[in-house]
Structure formats: structure tokens, C-alpha cells
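Data first, discussion second: the structure below is written as C-alpha cells.
The values are calculated or read from the model by the stated rules, or taken from the named source; none is laboratory data. Treat the numbers as computed from the prediction; the structure is a model and nothing was measured. Cβ atoms come from the backbone with ideal geometry, glycine included; neighbour counts cover every protein chain shown.
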Amino acid sequence: MAKKRDLKQKISWELAPAPESTGHINLKDRYDLFINGKWVAPKKKKYFSTINPSNEKKIAEIAYADKSDVDLAVDAARKAYDGVWSKITPSERAKYIYRIARIMQERSRELAVIESLDGGKPIREARDIDIPLASNHFFYNAGWADKLEYAFPAKTAMPLGVAGQIIPWNFPLLMAAWKIAPALAAGNTVVLKPAETTSLTALKLAEIIQEAGLPPGVVNIVTGFGDTGAAIVNHPDINKVAFTGSTGVGKIIQNAISGTAKKATLELGGKSANIIFADAPIDQAIEGIVNGIFFNQGHVCCAGSRLFVQESVSDLVIKKLKERIDTLIVGDPLDKNTDIGAINSKEQLEIIKKYIKIGKEEGAEMYQTSCKIPNKGYFCAPTIFTDVAQSSRIVQEEIFGPVLTIQTFRTIDEVIQKANNTPYGLAAGVWTDKGSRIFNLTTKLRAGVVWANTYNKFDPSSPFGGYKESGFGREGGLHGLSAYVKLV
Ligand code: ADP
């Protein structure tokens, strides 16, 4: 086995480096806040560094907004809402949103490289998934802007007002698109805060919004940390809060807005089950598992982080999975051969390492690939735990890294019970040849999305969101749009 692994290793690392060039990207040394259509220095003149997690080098300085800066942004959004955005015709709104989508397409190469540099994700993923999907969300929602009467028949869809939107670091530009596109299509204005480790593509989006000629104040982008986010959530003139991030912060936000008239959608953590039945196409399923948890370093809230394999095929699946992950290339996110890039931050790497230690202490059996890992930067080899108990912390708690737990099952009832037995309910995957079994499971798995014979597939027209501690409300599709309107 060891010999076989060495051979595979060698094959992987014999690939010539294929780094994407960075010569075409345009980044400033320092970014201010984007408020009322202009770049504005933060009142307290505070900035923080955003670094490249694959080499720990500083990329740029980012403005740290405090409450007074947020006040300015909300004020600009309110004036733009009252004065322009809620007044212009829906087809005018659509034109602006289409324009954003098209400019994003034109600048997609630059956006992909910056996403990969700032966040650590493989360029392949940024190029093929994040950026095309982000511009597609603008195209999709632009299409609805002048058709709201058909989207919500027999009702009039009214905008809510100013939306405060707070997003995480795992899909920075895509999350911004998920939130901004439907808000604008429905006639709302926006104050958005990207995550502190990945602000750059949201700031590039601000440039695109300027280029598209959006009226000043319709979209404002304020950068900063948790206190900046809290200032948005607590601002009395915000009508709607849209948050994607950890369950802990989601609970704080839920408490903060209780007793106010603010509407909210919260998309929180997950511990999603990927279930493989004995009759599944095993090789396809192996790719689905790898795609579900190892690509993007497990930095996906709906990552298939708990694998359930039917007992009769468990030895085969585990053997094939180990062989497959031995071939994965961990390294330079900008290299087109890279499968697993850098962990987004030092703090996140520490969390993942802590859980790997907990897994070992809990008595689970660990398998980690022996692939080469760069000396500098934040990297983690793909890791599998078998012999885990349903009550193990590594089975119950979100790790947000390339760490998979594997459990076996015999019957369908048993796997439904085990799959549903976590505080979360964001997504699930089912692999089987039997259509009836898929339909049976989709009604019984308490997860917002259930993929059948595939995993981590997204489309702007499909709603996404969770059950239980994974949050509430849906984003994407008509459901996502409906979160930004009141129907009268
Ligand atoms: P993660 O664990 O994915 O980093 P967080 O929930 O910590 O998720 O962060 C998601 C987003 O929420 C980030 O933009 C972060 O700055 C912001 N944030 C953190 N704390 C708060 C808070 N108390 N109120 C509002 N936003 C917050």
C-alpha cells in the first residue's frame, strides 16, 4: 500500500507547475470604504491588512469602518432608496443589474485571481464556480426586476427599504452576489460588509458598480470586523438583515433584532451527511465525496463532512476513497493543477488542527494523506476519521476544513436517524441507483437541500438554506427574491 501511495504521489508531483498569471490584475495598496458612490476614508483612519493565506504576505490595506462610518453608509442607502431606487422603473433597475453582470463577466479573470489570492481557494474553483455563478446571480435577478408581478401573481411586491448584508469568507464574491442581486432587483438599497479576511472582491465589485453607473448610495460596501457588522445589524434605519456565517454570530444577530421590525434571513453552519447505498455508482460517489468535502478545503457551509456508507460496501468505498485522496494536490492556490488550496486564515487552521487532535483523543482512527505541503502558508492535508461514534465531537460539530468522518449503516431508517442527529440541517447527498429511495429520503432528511447522485451543485434559480441551527430563510430562486419584498 505504501509503495502504491508513493507511486501516486510521484505522479501528482511530476505535473509541471501551471500558475495562473497575476500580471493582469489591478489592485490598490489601500482600500477605503465605498459609500454613496465614492471612496471614503474611514473616520478614525484605521486600516487592517489583508494577507495571502498561501504565503502569509500582505496584499493590501483595508479600511476598518466603525459605527460612524456605518451611519454614513446607511444614510446614503436610505437617501438613494427614497430618492432614486424605489422610484425608477423596474426595467431601468434591470438595466443596471444586467450591466453589473456583464462587467463581471468581462473582468472574470481578474476577479478569479483576486479571489484565489485573498481567500486561498484553488484558481480552478474561483474561475469555474465562484465567478461565473456570481455573475449568473446578477443575470438571473435582473430578469426578475421588471417581472415581479409574474413572480408573485395577484400580489404587489414592494421593496423593504435598506438591507444590511453581512457575508463570510468562504465564497466572498458569490455571497455578495447572492445578497446584492435580489435586493436590488426587488428595489432595495444595500449596505454590505464582507468578511475581514476576504474583502478584496467585494471592493472590486464596488468598482464594477461604479463603472455600471449605479446611482450613488444604492450599494455601499463597508469593510471591517465583527463590530462593523454589529453596527449594521443594530442600526435603527436598517429594514432587513441578511447574514451568512457561523451559528454563534447568527444567534447574536437573532437576539439583537428581536423586538424590532427588521426582517432577517440567516444562513448558518452545517454538518451535512453524504449517504452512499450499496447500489450506488461507487466511482462517481467517490468523486462526489471528494468534491463535497475536500475541494475548497472543506470551506463550504454545506460541505458533505459526514459520510455514511452502507456496511456491505464500506471496505470498498474507504479503500477507493483513500486511494483517490492520495492523488489530491495540496498547494499553491494559483496553480491550475491544485485541488486543495490554502486554509483561509491562521485562526481557521488552528480550529481545524484542534478538531483533528480531538478526533484522535476520542479514539477515532485517522488517515491523512502524505502529500507534500508548502512550508509557508496555512495548509491542511485531506483527513479521514473512521471508527467514530455518533456522539463524537468531530461528528457533531462543524470543523470547516478538509476533514471527513465516516460511519456505516445497515438500514435506511438507521441512516435517516443518524443523518438527522446533529444540531444542523443545511444539506445532504444521497447516492443510489433507486429513484424511489431518493424520493423517500428527500422527504425524511431534515436538510434544506438534498442532492441525488451529485453534490455541491448550485444554480441561481435554486433556493438554498437550512433547518434547525443552520438558519432560516432561503437564498436563490424566487424564494430568495421573496425575502426582499413585502407582498401586499
Ligand atoms: P466565520 O466563522 O465563517 O468566520 P463569522 O460568523 O465569524 O463566521 O463571520 C461571518 C461574518 O460576520 C463576517 O463578515 C464577520 O465579520 C461578521 N461578524 C462577526 N461577528 C459579528 C457580529 N457580532 N455582528 C455582526 N456581524 C458579525
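The figures follow:
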| read-out | value |
| --- | --- |
| Leading residue by the ranking (farthest from the ligand (Cβ to nearest atom)) among those in the range 343-376 that are more than 11 Å from Gly401 (Cα to Cα), in contact with a Gly (Cβ under 8 Å, 6 or more places away or on another chain) and touching a residue at least 60 places away in the same chain (Cβ under 8 Å) | Lys372 |
| Residues satisfying the stated conditions in the range 28-54, i.e. surrounded by fewer than 18 Cβ atoms within 10 Å (Cβ to Cβ), closer than 18 Å to Gly119 by Cβ and touching a residue at least 40 places away in the same chain (Cβ under 8 Å) | Phe48 |
| Residues (free of Cβ contacts under 8 Å to residues at least 60 places away in the same chain and over 17 Å from the mean Cα position of the chain (by Cα)) located in the range 232-252 | Asn234, Pro236, Lys251, Ile252 |
| Complete set of residues in the range 305-327 that are touching a helix residue (DSSP H, G or I) at 6+ places or on another chain (Cβ under 6 Å) and either closer than 18 Å to Gly341 by Cα or not assigned by TED's automatic domain parsing to the domain that holds Ala381 (or both) | Ser305, Arg324, Asp326, Thr327 |
| Thr442, sole failed condition from (1) part of a loop (DSSP other than H, G, I, E, B); (2) over 19 Å from the mean Cα position of the chain (by Cα); (3) among the polar types (S, T, N, Q) | (1) |
| Candidates Ser345, Ser391, Ser305 - the one that is polar (S, T, N, Q) and over 27 Å from Phe464 (Cβ atoms) | Ser391 |
| Single residue of the range 252-262 satisfying the filter (among the hydrophobic types (A, V, I, L, M, F, W, C) and either outside the structural domain of Lys87 (by TED's automatic domain parsing) or under 17 Å from Val74 (Cα atoms) (or both)) that is nearest to the ligand (Cβ to nearest atom) | Ile257 |
| Given (1) outside any loop (DSSP other than H, G, I, E, B); (2) among the aliphatic types (A, V, I, L, M); (3) at pLDDT 95 or above, index of the condition Leu27 fails | (1) |
| Condition check for Ser21: of a type in the set (Gly, Ala, Ser), at pLDDT 95 or above, farther than 30 Å from Pro182 by Cβ and in contact with a helix residue (DSSP H, G or I) (Cβ under 9 Å, 6 or more places away or on another chain) | no |
| Those residues of the range 55-82 which are in contact (Cβ under 8 Å) with a residue 24 or more places away in the chain and over 20 Å from Val162 (Cβ atoms), in sequence order | Asn55, Glu56, Ile59, Ala60, Glu61, Ile62, Ala63, Tyr64 |
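Residues are listed down the side, and each one gets a yes or a no for (1) touching a Lys or Arg at 6+ places or on another chain (Cβ under 8 Å); (2) not β-branched (Val, Ile, Thr):
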position	(1), (2)
Ala181	no, yes
Ala185	yes, yes
Glu196	no, yes
Thr201	no, no
Glu207	no, yes
Gly217	yes, yes
Asn220	no, yes
Asn234	no, yes
Asp237	yes, yes
